[in-house]
Amino acid sequence: MSDATEREVPEPEAADADAWEKACAEDLAAEKARRRAQYGTPPGSAGEELRKLVDAVSEKLSGLQGPLFGAVAQGAVEQTVRQVVQQAKAAVEPVIERNPEVFDHLASAGSELLAAYRSAVEGQEGRWTRGSDAAKGPDPRDEGPGPAEHIDLD
């Protein structure tokens, strides 16, 4: 037997095993920092964005000065605005905390509805602007609702 076959292969140390993981984590953190510097902070989830919106609106409403109401009514208006903002926050916060994914789904659904609307409008505009379609008569797709289709939401 040769000396090379009898030697034991040293086991990698725990520090060496974690070196790759640490290097990847450092590279990922550096890339995230570079992207934040280049593009700004990425948007959060829909729930986080709703929370930011409520906070921004409440700050704006709290900072409004009411020259239309006069000095006497100003205090009552400010108090009412604060109360409405607090009630809105109290209603929105628990929903965001319990169901953050619901707002992501609602945002996706809104995007899909917007895409469908754009498609319908572009199709209709295309039919309006083409003069040759007028001679053919009305589009049968414009005759009202078609057959119903069941959509499984589960």
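Miscellaneous remarks
- Net length available on complete extension from residue 112 to residue 61 is 15.2 nm, with 0.36 nm assigned per residue and the Cα-Cα distance removed.
- Per-pair calculated FRET efficiency, R0 = 22 Å: residue 49 and residue 89 via Cβ, rounded to 0.05: 0.90
- Peptides 28-39, 87-98 ordered by average Cβ neighbours within 10 Å, highest first: 87-98, 28-39
- Nearest-0.05 FRET efficiency for residue 76 and residue 35, computed from C-beta distance (R0 35 Å): 0.15
Values quoted throughout were computed directly from the atomic coordinates according to the rules given, and no laboratory measurement underlies them. None of the values given here were measured: they were computed from a predicted structure. Virtual Cβ from ideal backbone geometry, glycine too; neighbours counted across all protein chains shown.
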